[in-house]
Amino acid sequence: WDNADFSRGVGTTFYQEFLTLNTAKPPFVRDVEAKVRRYMRSSYSAAWTLKITWEKAPAYAARTDTRRTNTYQAVLTTDGFRSYILMLYQAGGMGWDYTRLPTTSVLIGYT
């Protein structure tokens, strides 16, 4: 993750919350549950899920380039005991020109 810069009016951020403790689960939440079960190799049933999307976000400082953007999501989910985060990126990977960033040791994901 790096600093996105929305100051030039390019890109947007939005979120959607899914409360699923006692309700039918939408396809998105069922997909999140399937991913957690697959990657963590355990049973999982979401009680709450939050999807945050950064769409067409330009890198900081946007004054240098607003054409190369990234779209990515963070999905936070919990069953009330365990919590997980999924980090999803646009097809094709990094859209920012990493050679213009303050550091060129760029990593998609987290450590």
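The table below lists the values:
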item: Residue list for the range 2-25, restricted to those being among the β-branched types (Val, Ile, Thr), in contact with a Lys or Arg (Cβ under 9 Å, 6 or more places away or on another chain) and assigned to a loop (DSSP other than H, G, I, E, B); result: Val10
item: Enumeration of residues in the range 25-34 that are open to solvent by less than 90 Å² (accessible area, probe 1.4 Å) and over 16 Å from Gly80 (Cβ atoms); result: Pro26, Phe28, Asp31, Ala34
item: Scope the range 42-88; condition among the aliphatic types (A, V, I, L, M) and under 18 Å from Asp31 (Cα atoms); matching residues; result: Ala46, Ala47, Leu50, Ile52, Ala74, Val75, Leu76, Ile85, Leu86, Met87, Leu88
item: Looking only at the range 1-24, and only at residues there that are of a type in the set (S, T, N, Q) and over 16 Å from Tyr84 (Cα atoms), the one that is surrounded by the fewest Cβ atoms within 10 Å (Cβ to Cβ); result: Asn22
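Each row is one residue, and each column tells you yes or no for (1) within 14 Å of Asn3 (Cα to Cα); (2) at pLDDT 70 or above.
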residue: Asp65; (1), (2): yes, no
residue: Thr71; (1), (2): yes, yes
residue: Ala74; (1), (2): no, yes
residue: Asp79; (1), (2): no, yes
residue: Arg82; (1), (2): no, yes
residue: Leu86; (1), (2): no, yes
residue: Gly92; (1), (2): no, yes
residue: Thr103; (1), (2): yes, no
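The values are calculated or read from the model by the stated rules, or taken from the named source; none is laboratory data. Predicted, not measured: the structure shown is a model, and the values here were computed from it. Cβ coordinates were reconstructed from backbone atoms using ideal geometry, including for glycine residues, and neighbour counts include every protein chain displayed. These accessible areas exclude ligands, DNA and RNA; they are computed on the full protein's heavy atoms, side chains included. Shrake-Rupley method; radii C 1.70, N 1.55, O 1.52, S 1.80 Å.
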